[in-house]
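The values are calculated or read from the model by the stated rules, or taken from the named source; none is laboratory data. In this text, all values refer to a predicted model and were calculated from it rather than measured experimentally. No Cβ is skipped: glycine too gets one built from the backbone with ideal geometry, and neighbour counts run over all protein chains shown. Protein only, heavy atoms only, side chains kept; ligands, DNA and RNA dropped before computing areas. Shrake-Rupley method; radii C 1.70, N 1.55, O 1.52, S 1.80 Å.
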2 protein chains.
Amino acid sequence: MRNVIELQKKLLPDLLDVMKKRYRILQYLRLRQPVGRRTLARSLDLSERVLRSEVMFLKEQNLVHIGSGGMTLTEGGENLLEGLEEVMKDVSGLSDMESQLASELNVQQAIIVSGNSDRYSWVKKEMGRACVRQMKEQLEPQDVVAVAGGTTLAAVAEMMSPDDNVSSVSFVPARGGLGEKVEIQSNTISSTMAQKAHGNYRLLHVPDQLSDETRESLVLEPGIKELLHLIRQAKMVIHGVGEAETMAARRKTKAETLESLKDKQAVAEAFGYYFDRTGCIVHKENTIGLQLDDLSSNQVVMTVAGGASKAEAITAYMKYRPSDVLITDEGAAQAMLRK
Amino acid sequence: MRNVIELQKKLLPDLLDVMKKRYRILQYLRLRQPVGRRTLARSLDLSERVLRSEVMFLKEQNLVHIGSGGMTLTEGGENLLEGLEEVMKDVSGLSDMESQLASELNVQQAIIVSGNSDRYSWVKKEMGRACVRQMKEQLEPQDVVAVAGGTTLAAVAEMMSPDDNVSSVSFVPARGGLGEKVEIQSNTISSTMAQKAHGNYRLLHVPDQLSDETRESLVLEPGIKELLHLIRQAKMVIHGVGEAETMAARRKTKAETLESLKDKQAVAEAFGYYFDRTGCIVHKENTIGLQLDDLSSNQVVMTVAGGASKAEAITAYMKYRPSDVLITDEGAAQAMLRK
DNA sequence: TCACACCGGGACTTAAAATGACCCGGTCGA
DNA sequence: TCGACCGGGTCATTTTAAGTCCCGGTGTGA
């Protein structure tokens, strides 16, 4: 297949450029619809006039509908986007990069979406979309999914949509409060995700900072205990990865802890655990819920994280425990492979 | 595969037009190289300026070499042409047409090359190329191939090239003289073909018009007898089809025979046999060699004939005895399917 | 050996397409 | 009701494709 496209490229070298451009427009349109010409042009770094011509063209092709409230994809546009997804990934060389990355990081499967979420926030949503697709493929009715927090996971939740496979799934937060803002807490995210999936969810209301005794007694509470049990038998765990410094700063981390993280050269964070460059745990936030040691090999761990800036963090975390699935973006992938 | 191209077409509707145009240029170039810009433009029905731009482009792509004596394909050009052959056939809808035609005419396999040999004589050579490819695929060392006459078969011979599979093959004329010019007699053609294939050949020198007695005694001559034996055990028979009228006019056909052909509404000719619309033999030229009745089912009969004008003749002939392989062109195929 | 046909390539004009720049009236939500 | 965003119209400018004509070189056949 790719071979054919290579041949086509010889007879029509800018084939890919044009295809990519138009595909990108449709792709972005799908995320933001309905959206106007100017906004679209700004987001895609195209001159307004150029985008206008392209849109005109796409309209001719019956791929987009132009209404007074903005442009939307037609059914044909949706289908085209779906049908071309694999092709576009292939021609962008992402497929190659995926297998390369998978073997490099020792993960079972790597999925790379094009773009760099550092530069364009919509790339995060594309990762979200990819993640949702994976979930729908791998989940079975009645499964339990443990969901961590963070902005990336919020994007995943946002992209969730109902499906036969996920409507009877239970979404639970992976761990208790970590001092994050409410929109990116795992509680919020798992409930959002459940609602969008028409699934069930359970909340884990635990104050952020607790003394050890309180925590121990809390864990014995029947409601909490049951939920923790549920979390531990989750079929799938979905989480993000952050840069240690950024994460620590974002949370109400004590000054002495910050100092200690710096001393121990923490670079990555996931689940409230902090890791150094070699993948060793250097700190662990005290909260209840899923513990990394609890993870067994028949659980599917999906890591979702992108942006070139997170490359080092992802690499470090994967040294600790390679996930089953890594969903990342081109920016991060390139940085990781360049290393 | 074709599916992908359908999708591509939605994002780039003139993809195929451009590809076809450039492919056609390379294709023609392969046949005529070295050839000049103007000649090429005239043959392809392109304005000189347009062709010039295209050639400029192809040069940039390192697909053609431009020398002082004309343009030639580079190695890359050759490879591209080869690699794209199937794709181009597919996108041109020829593949569909092939299977349609095969079931319509009841032949095992139909091969259609694009173009119409009525309009462009080089299409005949493309049929020749296709025929040669089939021969190389199906023949085995030591096989015997019986070759008929005609301009189309001459084109096949011209396109023959050496190959492991055909270098030990023997080429024999299918039948004796039919009153044709020497260049398109089966004797000439089989020897040309053999030489180009680096194979062996045997000639069948028989005067055109013979009395029955002479013929009968000739058949008993040891040399002739052996050759006739060889012909009868040919593994493959390759022949063309002609329009009855044209063929009769071209040969030194007696006036009364001409009259009889007209009476019996002969439309097709092959091997010196004439057929009417329903596929019945209405006349048979008297000469020695392969007789249609001799054909057994384990012989491969390849019919090579193209041009819209021959459509009716081909259809008629196929009603008599569907060949194993029919090699024709787009013009004839369309006409046959339209019927 | 000369003429002629064919070769590639340069130069210029014209036609068409792409793009940039700016404006207008409508619509929808705060 | 105001303002931000919407699609669409218009026109000058730039870029690209195409038409036209010409030139000097080269090989071949008379």
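Calculate, for region A:237-310, the solvent-accessible area per residue in square angstrom, rolling a 1.4 angstrom probe over the heavy atoms of the protein chains. It would help to have the intermediate numbers written out before the result.
Values: 3240 Å² over 74 residues.
That works out to 44 Å² per residue.
Accessible surface for residue A:241 stands near 10 Å², nearest 10, in the context of the full protein assembly shown (1.4 Å probe). Each residue was assigned an accessible area with a 1.4 Å probe, and for residue B:288 the value is about 10 Å². Farthest toward the dipole's positive end in chain B, which of B:153, B:240, B:65, given Cβ charges of +1 (Lys, Arg) and -1 (Asp, Glu) about the Cα centre? Result: B:65. With the simple model of a label 7 Å out from the Cα in the direction of the Cβ, residue B:35 to residue B:121 spans 1.2 nm. Were the residues from residue A:277 through residue A:245 laid out at 0.36 nm apart, the gain over their Cα-Cα distance would be 10.2 nm.
Label separation (residue B:309 vs residue A:164): 6.1 nm, computed from points 7 Å beyond Cα along the C-beta direction.
Rolling a 1.4 Å probe over the protein heavy atoms of chain B, with every protein chain left in place, gives an accessible area that is 46 percent carbon and sulfur. Hey, which of these cross-link pairs are over 18 Å Cα-Cα: A:181/A:310; A:252/A:319; A:59/B:10; A:20/B:9; B:196/B:225? From A:181/A:310; A:252/A:319; A:59/B:10; A:20/B:9; B:196/B:225, over 18 Å: A:181/A:310; A:252/A:319; B:196/B:225.
For region B:196-205, the Karplus equation 6.51 cos²θ - 1.76 cosθ + 1.60, evaluated at θ = phi - 60°, returns couplings of 5, 8, 6, x, 9, 8, 10, 9, 10, 8 Hz by residue, with Gly and Pro reported as x.
For region B:237-266, GluC sites (Glu not before Pro) are listed when DSSP marks them as loop and at most 12 other Cβ atoms sit within 10 Å of their Cβ; the list is empty. Between identical copies, the spacing of residue B:47 label points, each set 7 Å from Cα toward the C-beta atom, reads 2.7 nm from nearest to farthest.
How big is the charge dipole of the protein assembly as shown about its Cα centre, in debye rounded to the nearest 20, if each Lys and Arg gets +1 on its Cβ and each Asp and Glu gets -1 on its Cβ?
Details: 86 positive and 92 negative charges, 396 e Å.
Charge dipole of the protein assembly as shown: 1900 debye, to the nearest 20.
Placing one equal scatterer on every Cα of region A:147-222 and applying the Debye formula, the log10 ratio I(q)/I(0) at q = 0.16, 0.24 Å⁻¹ is -0.59, -1.01.
Could you tell me the ratio Rg/Rh of region B:1-82? Both radii from Cα atoms, Rh via Kirkwood.
Working: Rg = 13.5 Å, Rh = 13.3 Å.
Over the Cα atoms of region B:1-82, Rg/Rh equals 1.02.
The relative contact order of chain A, computed from alpha carbon pairs under 8 Å that lie at least 6 residues apart in sequence, is 17 percent. Exposure check, 1.4 Å probe, all protein chains in place: residue A:121 carries approximately 80 Å² of accessible surface. Rounded to two decimals, the Cα radius of gyration of region B:93-337 over 2.2 N^0.38 Å is 0.95. 3J(HN,Hα) couplings calculated from phi for region A:216-222 with the Karplus curve 6.51 cos²θ - 1.76 cosθ + 1.60 (θ = phi - 60°) are, in sequence order, 4, 6, 4, 4, 7, 4, x Hz; Gly and Pro show x.
Largest accessible area first, the residues B:75, A:6 order themselves as B:75, A:6 under a 1.4 Å probe with ligands, DNA and RNA left out.
Summing Cβ point charges (Lys, Arg +1; Asp, Glu -1) relative to the Cα centre of chain B gives a dipole of roughly 980 debye.
Among B:83, A:296, A:138, which residue has its Cα furthest toward the positive end of the charge dipole of the protein assembly as shown, with +1 on Lys/Arg Cβ and -1 on Asp/Glu Cβ? Ranked along the dipole, the leading option is B:83. Distance from the alpha carbon centroid of region B:252-311 to that of region B:48-104 works out to 36 angstrom. Label points for residue B:264 are taken 7 Å from Cα along Cα→Cβ. From this copy to the others they lie 10.2 nm apart, shortest first.
With its label point defined 7 Å out from Cα along the Cα-to-Cβ axis, residue A:181 lies at 8.8 nm from the matching points of the other copies, in increasing order. Excluding ligands, DNA and RNA, the accessible surface per residue across region B:1-82 is 51 Å² with a 1.4 Å probe. The A and B chains share an interface that buries close to 2100 Å² of accessible area, total over both sides, probe 1.4 Å.
Could you sort A:92, A:190 by their accessible area in this structure, using a 1.4 Å probe and putting the largest first? Walk me through the numbers on the way to the answer.
Working: A:92 40, A:190 0 Å².
If we order A:92, A:190 from most to least accessible, we get A:92, A:190.
Using Cβ point charges alone (K and R +1, D and E -1), the dipole size of region B:42-107 about the Cα centre works out to roughly 460 debye.
Equivalent-ellipsoid semi-axes (√(5λ), Cα gyration tensor) for the protein assembly as shown, whole Å, largest first? Walk me through the numbers on the way to the answer.
Working: eigenvalues 1095, 133, 105 Å².
Those come to 74, 26, 23 Å.
The phi torsions of region B:231-239, fed into the Karplus equation with coefficients 6.51, -1.76 and 1.60 and a -60° offset, translate into couplings of 4, 5, 9, 4, 6, 9, 10, 10, 8 Hz, rounded to whole numbers, with Gly and Pro shown as x. Against the criterion of solvent-accessible heavy-atom surface with a 1.4 angstrom probe, B:39, A:188 sort, most first, into B:39, A:188.
Annotation for residue A:3 and residue A:293: the two label points, set 7 Å from Cα along the Cα-Cβ direction, are 5.3 nm apart.
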